[in-house]
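J.: Below is the structure I would like to discuss, written out as structure tokens.
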Amino acid sequence: MLNPFKKWLGNLEKKDAPISPSIDLANVPTHVAIIMDGNGRWAKQRGLPRVAGHHSGMKNVKKITIAANDIGVKVLTMYAFSTENWKRPKEEVEFLMKLPQEFFPMEIAELVEKNVRIRMTGWKESLPDHTLSAIEDAIERTKHNTGLILNFALNYGGRKEILAGIQDMVQDVQAGTFHMEDLDEETFSSYMLTEDLPDPDLLIRTSGELRLSNFLLWQLAYSELWFTDAYWPEFTEDIFYQAIAEYQRRARRYGGI
Ligand code: IPE
Ligand code: IPE
Ligand code: MG
């Protein structure tokens, strides 16, 4: 079978071949999380309004999803809108909230064909109805798919998630359905919005910013972090595979030796 990643595989072994990152398909991160940042600056650099950057960024999502799926990534969590992003100008927020109803109808057929399952991590309550229905429709249409989980972190904030998890747990303790002696890292994880998902193995942030911006604070405890100066709209499959190759060169010690 023709391997579409031939150019990434085994290049280092070939003497005269250019040095490219090579990907070991047996050591692909299970869960990759991406902070898709830099849409506004990408647009500004081109003399375009910020929202043009968001639109261009949206178009990049399917491409990277398919690139991840093709090498066997199981979960791809994309930070699309934080609980802090409501602070932005009303017009920008409104534009962002309209993207799901454009994205899903345009891309769903191909995502379904690739067996991708859509999920959302975040608070649904404060989303406009049209945003929520676009996402819920995509979740419903892909719920039986068994391939890559494309998880959108939308109206998500890590601190809020931890506080909400503690509140839920206290309620369960009061109701007698959870006992404090059962509290450990695993049971606490089940109170996070990510519930059953494994923690990310690799976090990628685009646009040169070196911070977490309230993303998956509990879950990223032992993730490998990888940053690129590329703005999200210009992030390519090649850059994605560079991140994967770099991940594969890291030694994950989890405090051991
Ligand atoms: C990321 O791009 C998208 C969202 C946060 C919704 P930005 O909009 O943050 O782009 P910059 O960081 O201002 O360039
Ligand atoms: C983080 O990017 C949120 C998303 C990518 C959705 P921001 O652009 O909001 O983060 P800060 O404000 O630079 O930390
Ligand atoms: Mg930003």
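Since every read-out is calculated from the coordinates, none of them should be taken as a lab result. Bear in mind the structure is a predicted one, so any value in this text is a computation, not a measurement. Virtual Cβ from ideal backbone geometry, glycine too; neighbours counted across all protein chains shown.
J.: I need the phi-derived Karplus couplings for segment 35-45: 6.51 cos²θ - 1.76 cosθ + 1.60, θ = phi - 60°, integer Hz, Gly and Pro marked x.
T.: Going residue by residue, I get 8, 7, 10, x, 4, x, 5, 4, 5, 4, 4 Hz, with x marking Gly and Pro.
J.: Amide H neighbours of MET36 under 5 Å, at least 5 residues apart or on other chains, H built in the peptide plane: list them.
T.: TYR79
J.: Amide H to amide H, which residues 5 or more places from THR121 or on other chains are under 5 Å from it, using H placed in the peptide plane?
T.: Residues meeting the criterion, in which the H sits 1.01 Å from N, are PHE152, ALA153, LEU154.
J.: Could I ask something else about it? Once a ≥ b ≥ c are taken as the square roots of the eigenvalues of the Cα gyration tensor of segment 112-257, is the result rounded (a/c under 1.5), prolate (a/b larger than b/c) or oblate (a/b not larger than b/c)? Walk me through the numbers on the way to the answer.
T.: Numbers: a/c = 1.81, a/b = 1.21, b/c = 1.50.
Verdict is oblate for segment 112-257.
J.: Shifting gears a bit: Rounded to the nearest 20 debye, what is the charge dipole size of the chain about its Cα centre when +1 sits on each Lys and Arg Cβ and -1 on each Asp and Glu Cβ?
T.: Values: 30 positive and 37 negative charges, 224 e Å.
Computed charge dipole of the chain: roughly 1080 debye.
J.: Still on this model: Taking other Cβ within 10 Å of each residue's Cβ, how do THR187, THR177 sort, fewest first? Working shown, then result.
T.: On the way: THR187 12, THR177 9.
Fewest-to-most Cβ neighbours within 10 Å comes out as THR177, THR187.
J.: Lys and Arg at +1, Asp and Glu at -1: add these up for the other residues within a Cβ distance under 11 Å of SER223 and post the number.
T.: Values: positive: ARG250, ARG252; negative: ASP199, ASP201, GLU224.
With Lys, Arg at +1 and Asp, Glu at -1, the neighbours total -1.
J.: Using a ≥ b ≥ c from the Cα gyration tensor of segment 39-92 (square roots of the eigenvalues), is it rounded, prolate or oblate, where a/c under 1.5 gives rounded and otherwise the larger of a/b and b/c decides, a/b for prolate?
T.: Values: a/c = 3.75, a/b = 1.67, b/c = 2.25.
In terms of gyration-tensor shape, oblate.
J.: Counting other beta carbons within 10 Å of each Cβ, put LYS98, LYS87 in order, fewest first. Present the calculation step by step, with values, prior to reporting the outcome.
T.: Details: LYS98 17, LYS87 8.
By the 10 Å Cβ count, ascending, the order reads LYS87, LYS98.
J.: Turning to a different aspect of this structure: Just check the chain against the gyration tensor rule for me: Cα atoms, a ≥ b ≥ c as the square roots of the eigenvalues, rounded for a/c under 1.5, and otherwise prolate or oblate depending on whether a/b exceeds b/c.
T.: Details: a/c = 1.63, a/b = 1.19, b/c = 1.37.
Oblate is the answer for the chain, as a/c is 1.5 or above yet b/c matches or exceeds a/b.
J.: Whose amide H sits under 5 Å from the amide H of ILE23, counting only residues 5 or more places off or on another chain, with H placed in the peptide plane?
T.: Under 5 Å from the amide H of ILE23 lie the amide H atoms of LEU9, GLY10, each far enough along the sequence or on another chain.
J.: Using the Kyte-Doolittle scale, find the helices of the chain whose mean hydropathy is at least -1.0 and whose Cα atoms extend 27 Å or more along the helix's long axis, counting only whole DSSP H runs. Show your work: numbers first, answer last.
T.: Values: long enough: 50-71 (32 Å, -0.28); 90-113 (36 Å, -0.03).
Both cut-offs are met by 50-71, 90-113.
J.: Right, another one. What's the local net charge at GLU107, with K and R +1, D and E -1, over the other residues with C-beta under 14 Å away?
T.: Details: positive: LYS59, LYS62, LYS63, LYS114, ARG117, ARG141; negative: GLU102, GLU110, GLU113, ASP137.
Combined, the nearby Lys, Arg, Asp and Glu give +2.
J.: Once you list every other residue whose beta carbon is under 14 Å from the beta carbon of GLU84, what net charge do they have if Lys and Arg are +1 and Asp and Glu are -1?
T.: Summing Lys/Arg as +1 and Asp/Glu as -1 gives +1.
J.: In segment 102-257, if the dipole is taken from +1 on Lys/Arg beta carbons and -1 on Asp/Glu beta carbons about the Cα centre, which of ALA221, LEU127, GLY176 is farthest to the positive end?
T.: ALA221
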